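Have a look at the structure below before the remarks.
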Amino acid sequence: MVVIVLSPSLQSFPPAEAIRSSHFDRYLGFPGQIASSGTDRPRFPFREASPFHNAEECEDSTIDSTACDPALVHIAITLDEEYLRGSIAAVHSVLQHSLCPESVFFHFLVSDTSLESLVRTAFPRLRFKVYYFDPERVRGLISTSVRQALEQPLNYARNYLADMLQPCVRRVIYLDSDLVVVDDIAKLWRTDLRGRTVGAPEYCHANFTKYFTQRFWSDPKLSGTFASRRPCYFNTGVMVLDLERWRRSGYTRRIERWMEVQKGAAGDGPGGRIYELGSLPPFLLLFAGHVAPIEHRWNQHGLGGDNVRGSCRDLHPGPVSLLHWSGSGKPWARFDSNRPCPLDALWAPYDLYGPTP
């Protein structure tokens with residue numbers, strides 16, 4: 001018998017059949033929505049989140065303090081039109097479950113700066129800063145992947161966090177846009193990295209060889225990268241990063257060098273490729289085997305069905321602090337098509353798309 005432990009807040013979620021995004025169709029022009037510039041077509045109809053406040057035991061931190069306030073928890077997440085609904089839900093979930101939500105500072109990476117006004121409308125009291133990520137910075141380094149979404153430049157913005165964020169930000173939690181947090185994010189923030197640069201849940205039972213091509217494994221100069229360590233797969237959608245160590249070690253440039261190896265010598269042809277999976281493999285090349293392990297509860301991943309369209313997944317055994325719809329199936333898209341998976345009901349309460357129910 002498999003026993004799955006859910007946090008109490010997860011146990012009262014409504015069933016998926018009761019939540020259909022088609023219910024929102026008639027609200028595409030509701031008053032107060034964010035309008036797109038230069039057009040009458042409604043854009044991004046998100047409602048304002050409920051107010052949030054720190055508990056009495058939270059460390060003092062004023063709403064006007066800067067990102068350099070040492071009392072803050074720092075979270076980085078990308079914002080783009082395709083995944084915007086997911087990003088807003090992720091932020092909402094963090095605030096809902098934080099003991100000290102006013103002490104959380106968000107760093108939003110964007111290629112469209114107009115999205116800043118949307119964030120301020122949905123979360124008027126949110127502490128955040130928006131950083132423009134120029135797609136041209138990385139476009140020439142990107143090679144084709146198994147899914148087109150993995151080829152988008154903004155997917156590589158996480159590589160540049162240490163360069164983009166202020167030097168006073170010494171640690172950051174990076175979160176993908178297709179997840180919700182159902183526990184106090186401060187618990188993840190307090191992770192002991194044990195002198196490592198990256199902390200993440202590791203999955204050492206996974207077949208690590210599949211993340212690289214035969215060319216990689218057959219070339220001793222390439223495969224020798226892992227000779228002195230026991231590499232394990234980890235998902236880069238949930239990471240705690242020591243930005244000070246990252247900066248000192250120059251990891252941004254080292255990631256770019258691996259991307260150049262992938263892209264360069266064979267012109268991205270099949271004979272020269274060393275991996276197939278977008279932004280993940282360079283992280284594995286640098287950090288696998290040197291990751292500070294974090295409890296699996298902080299990344300219940302694969303709920304999107306990996307790369308299989310239309311597939312529904314169950315939770316992994318064990319407690320749950322974060323639900324991650326990695327893979328091709330996203331809960332908002334499945335609601336839009338009236339074909340949600342059962343676990344998509346756990347994402348729906350954080351969705352701010354549409355007017356107040």
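The values are calculated or read from the model by the stated rules, or taken from the named source; none is laboratory data. None of the values given here were measured: they were computed from a predicted structure. Virtual Cβ from ideal backbone geometry, glycine too; neighbours counted across all protein chains shown. Only protein heavy atoms, including side chains, enter the accessible area calculation; ligands, DNA and RNA are left aside. Shrake-Rupley method; radii C 1.70, N 1.55, O 1.52, S 1.80 Å.
A few comments on the model shown:
- Nearest-10 value in Å² for the accessible area of Asp60, using the 1.4 Å probe: 140 Å²
- Between amide H atoms placed 1.01 Å from N, distances below 5 Å from Ala76 occur with His107, Ile173, Tyr174, Leu175, all of them 5 or more places distant or on a separate chain.
- Within the accessible area of the range 93-219, the carbon and sulfur atoms contribute 45%, probe 1.4 Å, all protein chains present.
- Taking all protein chains together and a 1.4 Å probe, the residues His301, His316 rank His316, His301 from largest to smallest accessible area.
- A simple rule links phi to the HN-Hα coupling: the Karplus curve 6.51 cos²θ - 1.76 cosθ + 1.60 with θ = phi - 60°, which for the range 336-350 gives 4, 8, 6, 9, x, 7, x, 6, 5, 5, 7, 8, 4, x, 9 Hz, with x for Gly and Pro.
- Approximate spin-label separation Ser228-Asp112, in nm, with each point projected 7 Å along Cα-to-Cβ: 4.6 nm
- Cα centroid separation, the range 59-112 to the range 122-201 (Å): 11 Å
- Residues in the range 69-79 carry Karplus couplings, in order, of 4, x, 7, 8, 9, 9, 10, 10, 7, 8, 10 Hz; the curve used is 6.51 cos²θ - 1.76 cosθ + 1.60 with θ = phi - 60°, and Gly or Pro positions show x.
- Arg170 accessible area, 1.4 Å probe, all protein chains in place, Å² to nearest 10: 140 Å²
- Protection proxy ranking, peptides 136-142, 334-340, average beta carbon neighbours within 10 Å, highest first: 334-340, 136-142
- Cβ-defined net charge surrounding Gly195, 11 Å radius [Lys, Arg +1; Asp, Glu -1]: +1
- Modelled spin labels at Arg120 and Glu82, positioned 7 Å past Cα toward Cβ, are 2.8 nm from each other.
- Accessible surface of Thr78 - all protein chains present, 1.4 Å probe, nearest 10 Å²: 20 Å²
- Exposure rank, largest accessible area first [Asp134, Asp351; 1.4 Å]: Asp134, Asp351
- The Kirkwood hydrodynamic radius of the range 171-239, based on inverse pair distances between different Cα atoms, is 14.5 Å.
- Pairwise FRET efficiency - Asp134 versus Ser218, Cβ, R0 = 41 Å, nearest 0.05: 0.65
- Between Asp60 and Asp314, full extension at 0.36 nm per residue minus the direct alpha carbon distance yields a gain of 87.4 nm.
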